[in-house]
Structures are given as C-alpha cells and as structure tokens.
Amino acid sequence: MAYINVPEGLPGIRGLMAFRPETAHYINGLAEVLLRDDDNTLSRGERELIATYVSHLTDCFFGQNAHGGIAQHYLQCDMEFIDNIKADYAAMPISDKLKALLSIAESVQRGGKAVRPEQIDTAKNLGAMEKEIHDTVLISALFCMCNRYVDGLGTSANPDRQFYVDRVSCGRKRGICILIRINKRFLVSRCIPFAMPFYCILPKNQIIMAKKTFLPSAPNLTLWIIAVIIGMLGILTHFVAVDQLSKYSYEMLLIGFVLLVIGTAYRKI
Amino acid sequence: MAHISLQDGVPGIRSLVLYRPDTGKPLYELAQVLLRADSPLSPGERELIAAYVSAQNECVFCSCSHAAAARYLYQDEEQTVDLVLADYQSAPISDKIKALLSIAGKVQADARTVSEADVALARSCGASDRDIHDTVLIAAAFCMFNRYVDGLGTSTPSDPDAYRLMGERMGSLGYVPPVQP
C-alpha cells in the first residue's frame, strides 16, 4: 500500500504517474529522449543497463527489475547475466567503454561530486564521446530521482522478478510490444478517451486514470486548416455538383471531423 | 573545469540545457510544473524544500540559487530561508512544513527510510496527499538535478549577487530554458 491514495493495480511509478499526470508527462518525456531515442550512440540495451545498475545501487526493487527486464530483452541475455553485472560488472564480458561509463554512473549515484576527472579521462580514452558521458550522468541522476520517488512514497510492486522479464518479451513475441512498452498512462490518455462512451465496461482504475490523464488540447494550426478545408470541401461539393469530387463529399466531411477529433485529443498534434 | 565541453560563462544547469536542449526542455518543464503549478504548497515553500535538499546534497549551485528564489518569494520574511537552512526544527515555520522537510531529508538520504510514522506525523499536522507527494517528488527531483549539475562539473559562481539575480529571475519568471545566444 502506497502512502498516498494512488489508483489500485498500478505498481511502482505507474501509480504515482496516474496520481499526478502533470509531472509524469515530463518525467516520461525525459525518459523517452534519454532511454529510447534511437539517435544515440549508446544502444537502448546499454542505457537500460545503466538505469538498472543505478537502481540496484539505490536498492529500488521496482526500478532494477522493471528496467532489468527491459535491459535483458534488448541485450538478449538472461537474468543471471544482469545479476552478475550488478554484482561485479568489471568481471563481465561487456566493453571496456561501458565499464568506464558504469563506473561514472556509480559515482553519480553516490553524489555528483564523487565523479573524479580520472574517471572521465578513462572513459574518453576508451572511446566514450562527451555526449555518451553526458547521457550516462543524466541517466544515473534520473534514476536517483525515480528510485526515490517510488520508494519514498512506499509504492507496491510485484515481488516475482520473472514477471518483469515476461511482460517485455511476451509482448514482443505477440507483436504488441509497443502496447506493453509504452506505459499505461500514455496508453490510457491516447486511446481510452475514444472509448469514453464505453466507460462502463472498463476496469475501475482505468476509468480513474482516463479521467485524470485526458486533457483535450488545441490542435495545431496546420492540422486545423487542413481539417477545415477538407470539411468545407465536403460540404460545398455536397450542394454544388463538382465532377469526381461530389461523390466523396461525405467521406471528406468525415475525414475533416476525424482530423479535428485527433487534433484535440492528442497533445502535440 | 567541466567534464564535457560546455559554453563558457554559463553556470550550472543552464550550461547543460544549452549542451543538450532536448533533455533540457523536459527538465525545465518538470521544474516549472513541480515548483510553480498549482499545489497546496506555496512556490516559496517548494523552493525552500528544493534549497534544503540541495544543501543536504552539498550542491552549491542549486542550494544557493533555490535559496535565493525562496528568499525572493518569502519577501519580508526572507530571513526564514536562512534559519531553515541552518536548523529547520527551530525555524519559524509551521509544524506541517517541518514534518515535510523531515520527509524530504529522508528521501534525500535513503528513500526507503521514509516510514508510515513520518507520513502520519505530516498528516496530523494537516498535510494532504498532494503535500506529501509534492514534497517527495521535489526532494527526489533535486537528487537528480544536483547530481546532474555536479556530476558533470559545471561552473559554480561564487558571487552572492549572481545568485540574488538568479533568485529574482526564478521567482518572477519561473523556469524558462536558456536559448543559444
């Protein structure tokens, strides 16, 4: 039981994100750029491994298992490999550059001032670019936040470690990895709004989340103009016969309407 | 000397945001919503928690700048900020803020030590779920910001006037990411 009233059935940081979607939005945004963006010379697996290692050092059960499961998936390894990294990464068959970065992440976890210039030099000599060092420090710092957020509010988590592995890999196998990997808050705020008329059939916690997370927003100007032009064309061609176009008037009006609905439901469109 | 090539003359987190704006943007937006958006805690109280946690983390840049922002927001009672940073238990603040600062201190040191008793004490002083949530997240967020700023060895001004100006800007304008000059 968490110390505050979070929706039931959402473990770890997910319950907190549903409690306060306004802050969750930016925490997710940061994690998305830092951990998942493919425009990065560190692989997703390496970045998730840093996150897992830092969460292990902070001894945050949810953090190290949720991200350990993802790291395991990307690195195509087993849980023992991840556990051995936690126990002694220096003895493991990973690149020397990654070892140097893990050592920097470890220092950051103890405190920003614990990072020594020699560690940075070592990493650079082993081929680490400045951006990789930057991202390592920020990933470590980000998890120092998330771990504390999760543990400081006493959230609950599934104690079965295999659960965190399965939820990543079984999703992949069924080809619905995106549905599992993107967190529930994101899913609910993007998809559930369209199911509003069917709220009665949804589980209670999802209704609470949907209500808390769905904030309609103004569409952007380009989309709005496109939608209005298509919609107007639809109406005009219904009354004024235009060759080829008139038979599609209903479809055009429908497209305009759908574009506007999407534009208001999704935050950045 | 910073550990990576940062722009000269730009201190603390601002140099990091200029270095990597796509992570800097959500960081600043998080600070803005956490420290300025609606909350049962006033912006001054939230800056106070930020300054206290940053002082515990010994991050000079963050503790000085957020203390300056708190002083700006406390207006006539700006000395409260220094009394809290010296010893919050004897400072002229409400029992609720004292209980919340104690939770923030535990989150900073080791979040697993925050107990039901700590939360119950805060509640008995009138703290709501949101007070507790915001306190924990502010403390946690500054454990991130402090490590980010110090872990990359960013420059830290030593002139108190520099922080006073930062405090005024943070107190009046909020958190606006710096742009490349």
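The values are calculated or read from the model by the stated rules, or taken from the named source; none is laboratory data. Predicted, not measured: the structure shown is a model, and the values here were computed from it. Counting neighbours? That spans all protein chains shown, and the Cβs are built from the backbone with ideal geometry, glycine included. Surface areas here come from the heavy atoms of the whole protein model, side chains and all, with no ligands, DNA or RNA. Shrake-Rupley method; radii C 1.70, N 1.55, O 1.52, S 1.80 Å.
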Considering residues that are more than 9 Å from chain B (Cβ to nearest Cβ) and within 22 Å of B:L34 (Cα to Cα), the number found within the stretch A:118-160 is 2
For residues in the stretch A:22-41 being farther than 15 Å from B:T23 by Cβ and open to solvent by less than 10 Å² (accessible area, probe 1.4 Å), which is nearest to the other protein chains (Cβ to nearest Cβ)?
-> A:T23
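Please enumerate the residues belonging to the stretch B:93-109 that are part of a helix (DSSP H, G or I) and open to solvent by 10 Å² or more (accessible area, probe 1.4 Å). If you could, list the steps in order and put the result at the bottom.
Taking the stretch B:93-109 and keeping what is part of a helix (DSSP H, G or I), we get B:95-109.
Across the stretch B:93-109, the qualifying residues are B:D95, B:K96, B:K98, B:S102, B:G105, B:K106, B:Q108, B:A109.
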Free of Cβ contacts under 8 Å to residues at least 60 places away in the same chain and within 13 Å of chain A (Cβ to nearest Cβ): does that describe B:V17?
-> no
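Yes/no matrix, rows are residues, columns are (1) part of a helix (DSSP H, G or I); (2) at pLDDT 95 or above; (3) surrounded by fewer than 16 Cβ atoms within 10 Å (Cβ to Cβ); (4) within 16 Å of the chain's Cα centre (by Cα):
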| site | (1), (2), (3), (4) |
| --- | --- |
| A:I104 | yes, yes, no, no |
| A:E118 | yes, yes, yes, no |
| A:N147 | yes, yes, no, yes |
| A:N158 | no, no, yes, no |
| A:D166 | yes, no, yes, no |
Looking at the stretch A:211-225, is at least one residue of a type in the set (G, A, S) and at pLDDT 85 or above?
-> no
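Condition check: among the aromatic types (F, W, Y) and open to solvent by 40 Å² or more (accessible area, probe 1.4 Å). Does A:Y74 satisfy that? Reasoning before the result, please.
Details: among the aromatic types (F, W, Y): yes; open to solvent by 40 Å² or more (accessible area, probe 1.4 Å): yes.
Spelling it out, A:Y74 is indeed among the aromatic types (F, W, Y) and open to solvent by 40 Å² or more (accessible area, probe 1.4 Å).
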Restricting attention to the stretch B:110-138, which residues are loosely packed, with under 15 Cβ neighbours inside 10 Å and in a helix (DSSP H, G or I)?
-> B:D110, B:T113, B:E116, B:A117, B:A120, B:S124
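Determine whether A:F61 is modelled with pLDDT of 95 or more and either in contact with a strand residue (DSSP E or B) (Cβ under 9 Å, 6 or more places away or on another chain) or within 12 Å of chain B (Cβ to nearest Cβ) (or both). Break it down into steps so the answer makes sense when it comes.
Values: modelled with pLDDT of 95 or more: yes; either in contact with a strand residue (DSSP E or B) (Cβ under 9 Å, 6 or more places away or on another chain) or within 12 Å of chain B (Cβ to nearest Cβ) (or both): yes.
Yes; evaluated as a whole, the condition is true for this residue.
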Have a look at A:E48, A:E32, A:E22 and point out the one that is over 14 Å from the mean Cα position of the chain (by Cα) and either among the charged types (D, E, K, R) or under 28 Å from B:I132 (Cα atoms) (or both).
-> A:E22
Just checking, how many residues over the stretch A:1-10 are under 22 Å from B:L30 (Cβ atoms) and either more than 8 Å from chain B (Cβ to nearest Cβ) or open to solvent by 50 Å² or more (accessible area, probe 1.4 Å) (or both)?
-> 4
For the stretch B:80-93, does any single residue satisfy the condition of being at pLDDT 95 or above and under 11 Å from the mean Cα position of the chain (by Cα)?
-> no
Among A:S43, A:S55, the single one that is in contact with a helix residue (DSSP H, G or I) (Cβ under 9 Å, 6 or more places away or on another chain), among the polar types (S, T, N, Q) and farther than 27 Å from B:D134 by Cα is A:S43
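Could you please find all residues in the stretch A:120-145 being of a type in the set (S, T, N, Q) and crowded, with 17+ Cβ neighbours inside 10 Å? Steps first, answer last, please.
Applying the first criterion (of a type in the set (S, T, N, Q)) to the stretch A:120-145 yields A:122, A:125, A:136, A:140.
Passing the criteria: A:T122, A:T136, A:S140.
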Answer yes or no as to whether B:S65 is crowded, with 16+ Cβ neighbours inside 10 Å, away from chain A (no Cβ under 14 Å), among the polar types (S, T, N, Q) and touching a residue at least 60 places away in the same chain (Cβ under 8 Å).
-> yes
Subset of the stretch B:1-14 (residues that are touching a residue at least 60 places away in the same chain (Cβ under 8 Å) and facing chain A (nearest Cβ under 9 Å)) | B:M1, B:H3, B:I4
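Limited to the stretch B:43-60, what total is found for residues that are closer than 12 Å to B:F142 by Cα and within 14 Å of another protein chain (Cβ to nearest Cβ)?
First, the residues of the stretch B:43-60 that are closer than 12 Å to B:F142 by Cα: B:46-59.
Filter again for within 14 Å of another protein chain (Cβ to nearest Cβ), leaving B:46, B:49-50, B:53-59.
Here the count works out to 10.
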Matching helices (runs of 4 or more DSSP H) fully within the stretch B:18-89 where at least 3 residues are touching a Leu at 6+ places or on another chain (Cβ under 7 Å) and closer than 21 Å to B:G105 by Cβ | B:43-56
